[in-house]
Amino acid sequence: MKNTKALILVLFMALTTINAQEMQNKLSLMPWPKNVSENTAKFYINSDVTISVFGEDQGRVRNAAVNFLRRLTNRTGIFLKNGFPSFNDDSANIKVYFSSIANLSIDDDESYTLEVLENSIIINANTDVGALRGIQTLLQLTSYDNSGYFFNGVSINDAPRFVWRGLMIDVARHFQPVEVLKRNLDAMASVKMNVFHWHLTDDQGFRVKSKSFPKLHEIGGDGFYYTHSQIKEVVEYASNLGIRVIPEFDVPGHATAILAAYPEYGSVKDTTYTVERNAGIFNPTLDPTNDKTYEFLDTLFTEIAPLFPDEYFHIGGDENEGKHWDANPEIQKFKKKHNLKTNHDLQTYFNIKLEKILNRLGKKLMGWDEIMTPNMPTTAVIHSWRGENEGFSKGGTLIDAAKNGYNTVLSAGFYIDRMLSIEHHYSVEPIGDVSLTTEERKRILGGETTMWSELVTPTTIDSRIWPRTAAIAERFWSPKEINDIENMRLRLEVVNFRLEELGLTHIKNRDVILRSMTNNNDISALKSLSNVCEPLKVYSRNAGGTEYQTYSPFTLFADACVADAKDAVAFNSLVSNFINDNKDKENVLNYLNLWAKNYGSFSKIENNPNVKPLKDLSKNLSEVSEKLANVISKETLDSKTLTSIQENIAVLKAPFMDVELAILDELESLISYCKSNYLTN
């Protein structure tokens, strides 16, 4: 009997797994819900679709319902009889219920249920923000068949795994206008992200207009900054989407722009600071021993903090090497007098004073993980960015913070500016298999993707954030067990182009850049190259931080290329199938024959300095592709051809205009396969 029960349980679990996989292949939901089951219903979308809101709405749900109807009609081409939601209308065929207004905090309830039947749809949530999340899921259920557009019949019971699911955008290195922020907020909401971390100051810029210290934006902002009304506009826009806004003012390091405006607060006296134009870590640092430094920050934060309703305020606190502190005899005397043995101790002294200022303003201090020192109060929130890449253990500083009593947020593994693959980021499990107590697990609030902007502008930022951030958002929302990379890629393909509905430019701006490069020549050859090339990774594009300045051109070939080059991802899978399973030979040949023609098309582009450096890339890719296609088709390889192929590969191994050929490993795998199977002499 026991064996029979065990067998039944195993079969049930296997069937459940198969059903879940089938649904994931069928439904393009991202992030994947906590619990979802399918029914046989189809709710067909026609002009009679109506939506009604049941609850004491303060605008969020109505706005979400209006946007839902606009996206639905634009997506389906259906002329709705009523383009706006009603309230408390039982005759509506889509009903949204909620019972309270969320405060936008880490305690918000974002759960919801969604039931799609043949003639009715019901979304039920405890809060208005939960209702927003349900509306986004319903929109993702849009599908079609020969009879028309419909919503797939499902029952969903959903809630997030983590309460903090954020995106940080650095606007200090390259300023991002309000409209750029808004379209990215819309995209965040579409994948249920709920924290916008706004990195507003750094060595390269101070981006907030200050009435108390106007030179901060006049000198430190280079004319690019946000007014108070613009900040309020962004905060309100985010709030309507159920997104919190966390400001970051980076101190005491990364302060060059501040000190260019007010050098008297610096650690080097009687010197002139200038706003930094390069990338990297720089020495200018606020003087933590000067009482006037705290008076300055107190006045500044008193002016700025009310613009941001959220209880958290990020002070940065990272990458301060303390060189200017070491060089200042008065600071050294201060350290000795106050028994501060290291610069970490001195920075903790600084941080504690800032925490008192922020507490008085009703804020909780948050900072990068360097602020986690033995004397730092556990009331601070630790933003973990250092992991294995920085020499830490697998859990990085996140687990240390949680075990030491701090609330903590993870960004290690989610630095999307490093231009690593979707697979890399999606494979990062925020907690892993670390053993934690209930209280320690509760302190891990969630995670943030980070978009540092040394190499991005308003033209390219969307393609650096999306679609990878949609996949990362799933790691923050969905259960830990939702981690199948191939299935994620299938769903992301749909989500990716749907993001364009929100005004994102991550797809279309590639062609904008390529047309600019070619002076509006035929860009087909360059598009084909961009589909197999990726920007250099992990900051090797701007080695040393001095190749590019903040005013350099970012409309080059590397800026048209993205992580996860489209054809490279497909080709790499096909090569694996061909070599390992003797499948997809024709598909491999189709790609090789496509690239074999590239140089012929490339040669027709009017020669200009922006395109010329790609000549050897195009020429050698075409040559090696033609030779490999011929070898594989005829199943024969001679030593002379092999040598010629290897010469092509040697050229292709070098970077071209700050990109790398993303199919290089697979080309070499094909060469090895041909040597083993076809070499005749």
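The values are calculated or read from the model by the stated rules, or taken from the named source; none is laboratory data. Everything quoted here is computed from the prediction, not taken from an experiment. Neighbour counts run over all protein chains shown; Cβ positions are idealised from the backbone, glycine included. Protein only, heavy atoms only, side chains kept; ligands, DNA and RNA dropped before computing areas. Shrake-Rupley method; radii C 1.70, N 1.55, O 1.52, S 1.80 Å.
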- Using alpha carbon centroids, what distance separates segment 27-58 and segment 478-542, in Å? 29
- Give me the distance between the Cα centres of segment 94-171 and segment 612-674, rounded to whole Å. 48
- Task: Name the lysines eligible as straight-distance cross-link partners of residue 583: C-alpha to C-alpha under 17 Å, and not fewer than 8 places from it in the same chain.
- Result: 634
- Whole-number accessible area per residue in Å² for the chain, which is evaluated in the context of all protein chains at 1.4 Å: 42
- Report the paramagnetic label zone for residue 664: residues of segment 414-441 whose backbone N is under 18 Å from a point 7 Å from Cα along the Cα-to-Cβ axis. 419-421
- Query: Dipole magnitude of the chain about its Cα centre, charges +1 at Lys/Arg Cβ and -1 at Asp/Glu Cβ only, in debye to the nearest 20?
  - Reply: 200
- Any idea of residue 627's accessible area? Nearest 10 Å², probe 1.4 Å. 50
- Item | Computed label-point distance, nm, for sites residue 423 and residue 379 using a 7 Å Cα→Cβ extension | 4.8
- Query: Across segment 235-376, how many lysine pairs separated by 8 or more positions, or lying on different chains, have Cα atoms within less than 19 Å?
  - Reply: 21
- Task: Enumerate the lysines that residue 612 could reach by cross-link, defined here as Cα to Cα under 30 Å, with residues fewer than 8 away along the same chain left out.
- Result: 508, 527, 537, 566, 597, 604, 627, 640, 653
- For every helix of n ≥ 4 consecutive DSSP H residues, a contribution of -39,500 (n - 2.57) applies; sum these over the chain, divide by its total residues, and give [θ] at 222 nm rounded to the nearest 500 deg cm²/dmol. -13000 deg cm²/dmol
- Query: Modelled label-to-label distance, residue 337 and residue 681, 7 Å Cα→beta-carbon offset: nm?
  - Reply: 8.8
- What residues from segment 85-103 fall in the zone where the backbone N is under 12 Å from a label point 7 Å along the Cα-to-C-beta line of residue 48? 92-93
- Query: Over segment 400-477, what relative contact order in percent results from Cα pairs under 8 Å that are six or more residues apart?
  - Reply: 44
- Task: Hey, for a label at residue 508 modelled as a point 7 Å past Cα toward Cβ, could you say which residues of segment 452-470 have their backbone N under 12 Å away?
- Result: none
- Message: Quick check: convex hull over the Cα atoms of segment 106-212, volume per residue in Å³, rounded to an integer?
- Response: 155
- Message: From zero outward in steps of 10 Å, how is the percent of C-alpha pairs of segment 242-347 spread across the bins?
- Response: 14, 43, 32, 10, 1
- Using the Cβ atoms and a cut-off under 13 Å, what net charge is assigned to the surroundings of residue 677, where Lys and Arg are +1 and Asp and Glu are -1? +2
- Item | Net charge, residue 332 excluded, C-beta distance under 12 Å - Lys, Arg +1, Asp, Glu -1 | +3
- Message: Just to verify a number: FRET efficiency for residue 515 and residue 228, C-beta to C-beta distance, R0 = 35 Å, to 0.05?
- Response: 0.35
- Take peptides 340-351, 166-177 and line them up by average Cβ neighbours within 10 Å, highest first, as a rough protection proxy. 166-177, 340-351
- Task: Determine the share of the chain's accessible area contributed by carbon and sulfur atoms, expressed in whole percent, with a 1.4 angstrom probe.
- Result: 49
- With a ≥ b ≥ c the root eigenvalues of the C-alpha gyration tensor of segment 444-507, is it rounded (a/c under 1.5), prolate (a/b larger than b/c) or oblate? oblate
- Order of 249-259, 211-221, 556-566 by packing, highest average Cβ count within 10 Å first? 249-259, 556-566, 211-221
- Query: Looking at the square roots a ≥ b ≥ c of the eigenvalues of the Cα gyration tensor of the chain, which shape do they give, rounded for a/c under 1.5, prolate if a/b is larger than b/c, or oblate?
  - Reply: oblate
- Which whole-angstrom value gives the distance between the alpha carbon centres of segment 567-609 and segment 221-284? 46
- Length-normalised contact order of the chain in % [C-alpha pairs under 8 Å, at least 6 apart]: 11
- Contact order relative to length for segment 544-681, counting C-alpha pairs under 8 Å separated by 6 or more residues, stands in percent at 27
- Rank by packing, highest mean first: peptides 486-497, 373-384, with packing defined as the count of other Cβ atoms within 10 Å averaged across residues. 373-384, 486-497
- Item | Principal axis dimensions, largest first and in whole angstrom, of segment 444-576 by Cα | 48, 35, 33
- Grab the other residues whose beta carbon is less than 12 angstrom from that of residue 107, score K and R as +1, D and E as -1, and report the net. -2
- Message: For segment 493-636, compute the orientation-averaged projected area of the C-alpha convex hull (one quarter of its surface), in nm².
- Response: 11.1
